[in-house]
Amino acid sequence: MPKKIYIFDTTLRDGEQSPGASLNTHEKLEIAKQLERLGVDAIEAGFPIASKGDFQAVKTIAQNVKKPVIVALARAVKQDIDRAWEAIQYAAKPRIHTFIATSDIHMRYKLKMEPEEVLKRAVEMVSYAKSLCNDVEFSPEDGTRTRPEFLYKVLEAVIDAGATVLNIPDTVGYAMPDEFGALIRGIRENVPGIDNVILSVHCHNDLGLAVANSLAAIQNGAQQVECTVNGLGERAGNAAMEEIVMVLKTRSDLFDCYTDIVTEQIYRTSAMVSHLTGMHIQANKAIVGSNAFAHESGIHQHGMLSNRQTYEIMTPESIGLKQSQMVLGKHSGRHAFEERLKELGFASLTQDEINSAFERFKDLADKKKYVMDKDIEALINEKVLKVPEAYELEYFHISSGNTLVATSTVKIRSDNEVYEEAACGDGPVDATFKAIDRAVGVEVKLEDYYLRAVTSGKDALGEVTVKISKNGDVYIGRGLSTDVIEASAKAYVNAINKMLLAQNGKNGNKN
Ligand code: KIV
Ligand code: ZN
């Protein structure tokens, strides 16, 4: 009988540890709800002891997302475990995930502890976590560089202490698939009680082998894989959820197992995570890259026209990617628009959100002849699912040219106040950002600027993503418009609003 593989998503914990991929609570909740629609079995929502923001996000997700197990990470330290439990106690299915390093190099140089002390601490902290929560996961950090005999001993002891899930991390992405498969088989064969718990793996991608290692582990008895959307994660990232799931589905002839993932939600989840984290997906990325289903060469196109299976091992529809259609125009009515929203998977929008989306669709249809599915998705992501904003761009004017110093004037509204400022800069975007800094009265550092066209054509919507920083914290803003300077200005104001929201709470007004 096919075996179920549990999908444990750690996009909001390990994924969010990617440099520059910070998310606020509102964005984390949106992603968690989408992961629930995707059908993941567990969501690692964060590391509550790490910061107040992380704690709040885990608690909010625990209170609002009921189908998957909600997991909070904790070092094998009492305060961490208490804080983790405080955050997830409201979850319908809570799990505490505690870890301690077991490799010689980590024990000696990082923990400065003897192996026997590590073993004792692991057992004590698993027992303590178990006294709070019935479901306890334990990870021996740097598991793949741990002496197998010591690893078996620790795993046996934490099973006796009440662990329900044992997760073997390849923390530094060092293992080779054969080697990792053998390690998992060794654990299955040598750890008493292993058949009474779930055996899990957690692979990093430093050598580009995270997915291959996870699959080798499944072939050797792992029942749970920890992974992230788009392979996000520390350094080179974690195993990519979409790749593991689609391998298991496409090569079911080799893997006698299944997942509960609704694969048609993969594309949407990937786009949402990329959009909210500002981490762009390379065009040739497996499964979700923009070229993953594009067939350019004449030979391929000819084959595809005769029989799609000549060059297509899975369909774009199986990951929820519909061919971009020319959907609506300025004569399209509200009913057609609402129907299209439902077909695109935005079935749970409130009436206010639909009204706001329809208004923006009409504005766009005035500027652009054909409004495509991707335009509608971008509109919804940009505006309708956004937190309240303290500042809004009301007007901008630029003067620029190849023989002129670029100048920009902006008018920014905050409640009933209007701030108007002008500035010169190195080009119209720089001048506009400087004018906004003056109007809002803040000084921030621009870390990154990225412009992409949502669809093709001269009238395409431009989507700008900016990353700004202040005192080491990074904030991501997005803006959308058929005019790239306007999109840039909106993105910049959006990032400032998020910074103020994080600093001052609610609306983040400067007054
Ligand atoms: O990579 C790692 O070792 C981890 C553990 C906390 C599971 O992320
Ligand atoms: Zn990790």
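Within the range 195-244, being in contact with a helix residue (DSSP H, G or I) (Cβ under 9 Å, 6 or more places away or on another chain), farther than 21 Å from Asp178 by Cβ and more than 16 Å from ligand 2 (Cβ to nearest atom) holds for Asp195, Asn196, Val197, Glu242.
Would you call Asp195 in the same structural domain as Glu141 (by TED's automatic domain parsing), away from ligand 1 (no atom under 16 Å from the Cβ) and at pLDDT 95 or above? Lay out the reasoning, then the answer.
On the way: in the same structural domain as Glu141 (by TED's automatic domain parsing): yes; away from ligand 1 (no atom under 16 Å from the Cβ): yes; at pLDDT 95 or above: yes.
Answer is yes for this residue.
For the range 450-460, the condition holds for at least one residue, the condition being that it is assigned to a strand (DSSP E or B) and aromatic (Phe, Trp, Tyr). Of Gly193, Gly173, all but one fail to be buried (at least 18 other Cβ atoms within 10 Å of the Cβ) and among the small types (Gly, Ala, Ser); the exception is Gly173.
Search the range 469-489 for residues being among the charged types (D, E, K, R) and over 23 Å from the mean Cα position of the chain (by Cα), and hand back the single one that is modelled with the lowest pLDDT.
Residues of the range 469-489 that are among the charged types (D, E, K, R), as a first pass: 470, 473, 478, 483, 486.
Still in the running and over 23 Å from the mean Cα position of the chain (by Cα): 483, 486.
Numbers: Asp483: 92, Glu486: 95.
Taking the candidates together, the pick is Asp483.
Beta carbons closer than 6 Å, at least 6 apart along the sequence or on distinct chains, pair a first residue in the range 399-414 that is under 17 Å from Ile436 (Cα atoms) with a second that is among the aromatic types (Phe, Trp, Tyr) for Val410/Phe396; Lys411/Tyr395; Ile412/Tyr391; Ile412/Tyr419; Ser414/Tyr391.
Hey, does the range 129-136 have a residue that's closer than 20 Å to Asn220 by Cβ, in the same structural domain as Gly233 (by TED's automatic domain parsing) and either among the hydrophobic types (A, V, I, L, M, F, W, C) or within 16 Å of ligand 1 (Cβ to nearest atom) (or both)? Quick ask: steps written out before the conclusion?
Taking the range 129-136 first, the residues closer than 20 Å to Asn220 by Cβ are none.
No: the range 129-136 contains no residue that is closer than 20 Å to Asn220 by Cβ, in the same structural domain as Gly233 (by TED's automatic domain parsing) and either among the hydrophobic types (A, V, I, L, M, F, W, C) or within 16 Å of ligand 1 (Cβ to nearest atom) (or both).
Count, please, the residues in the range 397-416 that happen to be assigned to a strand (DSSP E or B) and more than 17 Å from Ile496 (Cα to Cα). Number of matching residues: 7. Just one residue in the set Ile184, Ile168, Ile81 is in the same structural domain as Asp41 (by TED's automatic domain parsing) and more than 25 Å from Ala217 (Cα to Cα); that residue is Ile81.
The rows are residues; the columns are (1) within 25 Å of Asn213 (Cβ to Cβ); (2) touching a Pro at 6+ places or on another chain (Cβ under 7 Å); (3) not in a helix (DSSP H, G or I).
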position: Lys110; (1), (2), (3): yes, no, no
position: Met113; (1), (2), (3): no, no, yes
position: Met125; (1), (2), (3): no, no, no
position: Tyr128; (1), (2), (3): no, no, no
position: Leu151; (1), (2), (3): yes, yes, no
position: Val154; (1), (2), (3): yes, yes, no
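The values are calculated or read from the model by the stated rules, or taken from the named source; none is laboratory data. Owing to the predicted nature of the structure, the values given are computational and were not obtained by experimental measurement. Please note: Cβ atoms are built from the backbone with ideal geometry, for glycine as well, and neighbour counts cover all protein chains shown.
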